[in-house]
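The values are calculated or read from the model by the stated rules, or taken from the named source; none is laboratory data. Small disclaimer: the values here were computed from a predicted structure and weren't measured. Glycine also receives a Cβ, built like all others from the backbone with ideal geometry; neighbour counts cover every protein chain displayed. When the accessible area is computed, the model is the full protein with side chains, heavy atoms only, and any ligands, DNA or RNA have been set aside. Shrake-Rupley method; radii C 1.70, N 1.55, O 1.52, S 1.80 Å.
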Amino acid sequence: MANRASRSARSVAASVVVLTAVPAAGQLANPRTEGLIVECKDGKRASCEKLVEIARNDKDRYTRLCAVRGITDPAPAFLADVAQNDPDGSVRGVAAERITDQAVLEKIVLTDTEYSPRAAALGRISNQALLAKVAQSTNDDCRRVAIEHLTDQAVLFEIVRRGADRGVRRSALRRLTDQGTVETIGRADPDIVVQSDAAERLREAFGRTDVATLKCQGTWVTSLAPESLPLPEPESPPRRPGETGNTRTACDLSVFAGQTYRAWVWMYGLFTSKEAKLVSFLPTSGTCVVSVGFDPNQEALWWPTVTCRESP
């Protein structure tokens, strides 16, 4: 009877430990490490040492990851060892997130082959030259991460101007701080999405009011350029919204008021097959709606029009 009562008491105590060992915000939960993490945080050195042992030797990567993340004030040498030598990239990444030694971080960026530890290290390094090297690479999976921490405006501008990947160029554009540079991109870039991003950044970051919104109604734009610049050929026919492999360009574009544009507008008119029509328009500082309307001068033909109105 006494033994049963003793076991019951231990069971209640264990339940209390489990209930109170709530991970901090962002802390992954793991039954094997929760209690030790709480005790380590409370200053129990033995529990911290046990977490270090688990992080180094446990066979389960998730358990090792939780241990690395949960150790209070880990030794820099321990973090460097795990970040460079753990067999799992996600565990190495968690360790790299906590490293401050710039030499170790740079080594991880240059020698690791997986995304997670390299991305974590790039988020911690201060070496702008290394960030620029990664950001300007044409085949580095971490280049967007590098751009997010790059402050060299000349390098960022070159990435926007010469980058081959639209997503990378858009990331670099968001880091530009010079209004004139952003406007140059918005008025001259050959990619309509990058143009739009630049105009929108002028409105949001610099309070510009000479930016209009171009919306599509029953049709969409796939090629757009200021009248003074070459207009790219229309992209291959977009699919209807909802079709498999939908490649159409979203039409909530930002354009400059007072600057004449030409655009290829794809139509699915009642009397037309899938085709592109050329249209010119002069935006006002409000909203311009691209729509398909009946052209009274052409029998049985729908024609794209752009109607612009000032902001109220």
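Taken together, the residues in the range 93-116 that are farther than 24 Å from Ala132 by Cβ and either outside any loop (DSSP other than H, G, I, E, B) or modelled with pLDDT under 95 (or both) amount to 2. So which residues in the range 162-189 are surrounded by fewer than 14 Cβ atoms within 10 Å (Cβ to Cβ), over 13 Å from the mean Cα position of the chain (by Cα) and assigned to a helix (DSSP H, G or I)? Residues satisfying the conditions are Arg162, Gly180.
The range 212-312 holds strands (runs of 3 or more DSSP E) entirely within its bounds, and those carrying 2 or more residues that are surrounded by fewer than 17 Cβ atoms within 10 Å (Cβ to Cβ) and modelled with pLDDT of 80 or more map to 275-281, 286-294, 302-310. Scanning the range 190-200 for residues that are open to solvent by 40 Å² or more (accessible area, probe 1.4 Å) and not in a helix (DSSP H, G or I) gives a single hit, Pro190. Taking each residue of the range 188-212 that is without any contact (Cβ under 8 Å) to a residue 40 or more places away in the chain and on the phi > 0 side of the Ramachandran plot and looking for partners that are part of a helix (DSSP H, G or I) and among the acidic types (Asp, Glu) with beta-carbon atoms closer than 9 Å, six or more apart or interchain, yields nothing.
Does Arg144 fit the bill of being within 23 Å of Arg203 (Cβ to Cβ), touching a helix residue (DSSP H, G or I) at 6+ places or on another chain (Cβ under 7 Å) and open to solvent by 70 Å² or more (accessible area, probe 1.4 Å)? No.
Within the range 1-90, considering only helices (runs of 4 or more DSSP H) that don't extend past its boundaries, which have at least 1 residues that are open to solvent by 60 Å² or more (accessible area, probe 1.4 Å) and at pLDDT 85 or above?
Where helices (runs of 4 or more DSSP H) fall fully within the range 1-90 and carry at least 1 residues being open to solvent by 60 Å² or more (accessible area, probe 1.4 Å) and at pLDDT 85 or above, they are 34-41, 45-57, 61-70, 76-85.
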